[in-house]
Every structure is written in C-alpha cells, then in structure tokens.
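Comments concern the structure below.
The values are calculated or read from the model by the stated rules, or taken from the named source; none is laboratory data. Computed from a predicted model, the values in this text were never measured in an experiment. Note: areas computed on protein heavy atoms with side chains; ligands, DNA, RNA excluded. Shrake-Rupley method; radii C 1.70, N 1.55, O 1.52, S 1.80 Å.
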Amino acid sequence: NFALPENSNDLDARRKRALTICNLFINHNLSISNIQRVLDEDAGTIVQALIEGGILYDRRQLAGRPPFGFERRSVA
C-alpha cells in the first residue's frame with residue numbers, strides 16, 4: 001500500500017500530482033497508460049514520478065559509460 005502523508009494539503013501542486021500518480025499506480029492498480037488517460041499526463045512524467053517515489057527502479061545506464069563488457073564503437 002502507498003500511504004499519503006498527513007500534510008499533503010500543504011504540498012505544492014507538482015508534489016501533489018506525483019503523490020496522486022503513485023497512489024493510482026499502487027493502491028488502485030492502474031497502469032501507466034490508464035494514468036495517462038485519467039490525469040491527461042505524458043508517460044515520461046508519470047514514470048519519473050514513480051521513480052522519484054521509489055516505486056520503480058531507474059534502469060537507465062550512467063551517461064557516457066557503456067554497459068559492462070560491451071564495446072559498441074567499431075574499430076576502424
């Protein structure tokens with residue numbers, strides 16, 4: 001379960017939106033596409049809110065570093 005903080009009324013609009021996204025995803029089992037439709041929000045913003053909320057893990061690679069053991073540059 002995702003518990004909303006007691007002081008959620010005092011938060012700014014951006015943080016309230018992020019809490020709403022997390023609540024819909026966890027407590028109401030809505031998918032990202034359903035949250036997009038309900039809140040009229042883009043998928044990137046939804047995923048970022050879920051990552052910042054600790055619900056999803058950010059699997060993107062560190063900038064400028066290739067995955068371990070793989071060299072993607074061609075040798076000329």
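Miscellaneous remarks
- Residue list for the range 1-31, restricted to those being assigned to a helix (DSSP H, G or I) and open to solvent by 50 Å² or more (accessible area, probe 1.4 Å): N9, D10, A13, R14, R15, K16, R17, T20, F25, I26
- Residue within the range 51-74 that is in a helix (DSSP H, G or I), modelled with pLDDT under 95 and within 16 Å of the chain's Cα centre (by Cα) present: yes
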